[in-house]
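S.K.: The structure under discussion is supplied below as structure tokens; questions concerning it will follow.
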Amino acid sequence: MTTLESEWAVGAGEATGAGESAQDGTGKREVPGKDAEAPYGRTASGNPRRKPGPRGPRSSSSSSTPRRPATPRTPRKPSMPDYRPGIVGIAQLVAAPLAIAGQRSPVALADAAAITVHAAPIAEGLQAAAQMDARVAAILDRVLQIGPYAMVVEPIVSLVVQLAANHEVIPITAARGLGAMSRDELIEHVTGIPAPAPPGDQAAA
């Protein structure tokens, strides 16, 4: 064997021996720097750990962003009902019979006109008072019984007044104050056709 061959054989033997020394008795290769008998480390007393130890505390940089507290919702106030149509309707209920009686009594006709003129301002004032004072709203609720039926009081009274004016049960002057029109005005308003002039007016023309 030459000198070069002998050096190569010695180097190969050292490499094989180093590889065998890195293996334990079971044939498993050992990881340098790791305790084969305690893969999870050892306790303070030196005994091998049977399972991984507890994780360390999280750093402040890895902590999640704190959630902002939810803003409490303000409960909605119930909307104030509109008492004005009911108040005007009650006023018309009082004014209508007075207007009928006005054919015989000028005083009754004047009372009907006064109620009709002041009904809307009174309704506006009571509506504003109900918004500021719950006691006024409670009284109006009991008197008017706000609901689907109270809202039809005014149109029903207006219809009754208009029918009475058509049949001349109520003088047209009093009926106008209650929102009615004369027969000719009503026909022209609905059909768009002007009412024919009275025979006397045609003869004068």
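Bear in mind these aren't lab numbers, they're just calculated from the coordinates by the rules spelled out. What you see is a predicted model; the values in this text were computed from it and never measured. For neighbour counting, all protein chains shown are included, and Cβ atoms are generated from backbone atoms with ideal geometry for every residue, glycine included.
S.K.: Do any trypsin sites (Lys or Arg not before Pro) in the range 94-173 lie in a loop, going by DSSP, with at most 16 other beta-carbon atoms within 10 Å of their beta carbon, and if so which?
M.R.: Those satisfying the criteria are Arg104.
S.K.: So, one more: Work out, step by step, the length gained on full extension between Ala101 and Arg49: first 0.36 nm times the residue separation, then minus their alpha carbon distance; give nm to one decimal.
M.R.: Working: separation 52, 0.36 × 52 = 18.72 nm, distance 10.95 nm.
Answer, rounded to one decimal: 7.8 nm.
S.K.: Something else now. Simple spin-label model, 7 Å along Cα-to-Cβ: His167 to Gln131 in nm?
M.R.: 4.2 nm
S.K.: Suppose we take every Cα in the range 84-193 and form the convex hull; what volume per residue is that in Å³?
M.R.: Each residue corresponds to 105 Å³ of Cα convex hull volume.
S.K.: With r defined as the distance between the Cβ atoms of Asp82 and His189 and R0 fixed at 30 Å, what FRET efficiency is calculated, to the nearest 0.05?
M.R.: It comes to 0.70.
S.K.: If you don't mind, there's one more thing I want to ask. Amide H of Arg42 versus every other amide H placed in the peptide plane: which residues, excluding those fewer than 5 positions away on the same chain, fall under 5 Å?
M.R.: Arg49
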